[in-house]
Amino acid sequence: MTESTTSQNPGKPAPTPGLRMLIDFGPLAVFFAVNSFMGGPQLTRMLAATAAFMVAIFLAMGLSLWKTRHISPMLWISGVLVLVFGGLTLWFHNDTFIKVKPTLVYAMFAIVLIYGLITKKPLLQMLLESAYPGLTARGWRLLTINWAVFFVVMAVLNEIVWRTQSWDFWVAFKLWGVVPLTLLFAIGNVPLLLRHGLKTDGEIVDKALPPEQ
């Protein structure tokens with residue numbers, strides 16, 4: 001996932017849900033569309049889709065900066081790694097680089113959150129740029145544990161899929177598998193948030209989505 005709220009950035013306008021989805025999931029949709037609808041051999045489609053993905057993530061970062069006057073930490077991390085690993089994919093004509101990129105992103109997010117748990121620092125709030133009014137310290141800790149586990153699971157799942165399935169299956173999995181799983185996970189955390197003091201403003205799920213990798 002996805003990108004931010006303004007609770008920690010007063011003075012920066014909050015993106016609408018539609019803009020948030022466009023920034024977070026638009027590049028992945030472009031990646032899928034180019035790979036699916038472009039003709040030719042797999043290598044040609046893979047290179048074209050990767051190049052389009054790189055352009056789309058760059059545009060998403062620019063759109064975030066234009067509309068919200070900042071780029072969230074998660075979008076920075078994801079965007080930079082897309083450009084680096086996408087560049088390696090294009091240079092070496094090897095799809096392993098772009099396939100392993102989500103694993104590294106998820107692993108980095110998990111490490112950051114686990115470090116925050118160990119050091120008792122609220123790094124989830126910094127990473128997601130989300131604030132939940134009234135949420136207790138215990139609520140934040142449990143939510144951090146949940147997201148850390150989620151990122152570990154997604155890193156392992158990405159490794160299993162790209163190592164055992166075809167290129168086209170992996171690309172489809174990124175859009176039609178990972179995105180729904182992320183949305184369902186975010187929704188699944190809502191009861192926990194409410195049990196631990198959250199005063200809802202009706203945008204709980206929208207606040208808690210990381211950008212798609």
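Mind checking which pairs have a first residue in segment 156-184 that is on the phi > 0 side of the Ramachandran plot and a second that is modelled with pLDDT under 95 and surrounded by 13 or more Cβ atoms within 10 Å (Cβ to Cβ), Cβ under 8 Å, 6 or more apart or different chains? Partner pairs satisfying both residue conditions: none exist.
Each row is one residue, and each column tells you yes or no for (1) closer than 20 Å to M74 by Cβ; (2) modelled with pLDDT under 90; (3) surrounded by fewer than 20 Cβ atoms within 10 Å (Cβ to Cβ).
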{"site": "F150", "(1), (2), (3)": "yes, no, no"}
{"site": "F169", "(1), (2), (3)": "no, no, yes"}
{"site": "G197", "(1), (2), (3)": "no, yes, yes"}
{"site": "D206", "(1), (2), (3)": "yes, yes, yes"}
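Scanning segment 68-83 for residues that are more than 16 Å from L28 (Cα to Cα) and out of contact with any Pro (no Cβ under 6 Å at 6 or more places or on another chain) gives R69, H70, I71, S72, P73. For A51, the test of being within 19 Å of P102 (Cα to Cα), modelled with pLDDT of 95 or more and either of a type in the set (A, V, I, L, M) or touching a Gly at 6+ places or on another chain (Cβ under 7 Å) (or both) is passed. Residues of segment 176-189 that are open to solvent by less than 30 Å² (accessible area, probe 1.4 Å) and part of a helix (DSSP H, G or I): G177, V178, V179, T182, A186.
Residues in segment 128-143 that are surrounded by fewer than 21 Cβ atoms within 10 Å (Cβ to Cβ), in contact with a helix residue (DSSP H, G or I) (Cβ under 9 Å, 6 or more places away or on another chain) and part of a helix (DSSP H, G or I): G139, W140, R141, L142. Within this structure, T144 fails the test of being at pLDDT below 90, under 30 Å from P191 (Cα atoms) and among the β-branched types (V, I, T).
The values are calculated or read from the model by the stated rules, or taken from the named source; none is laboratory data. Keep in mind that this is a model prediction, so the values were computed, not measured. Note that we place each Cβ from the backbone using ideal geometry, even for glycine, and neighbour counts take in every protein chain shown. Protein only, heavy atoms only, side chains kept; ligands, DNA and RNA dropped before computing areas. Shrake-Rupley method; radii C 1.70, N 1.55, O 1.52, S 1.80 Å.
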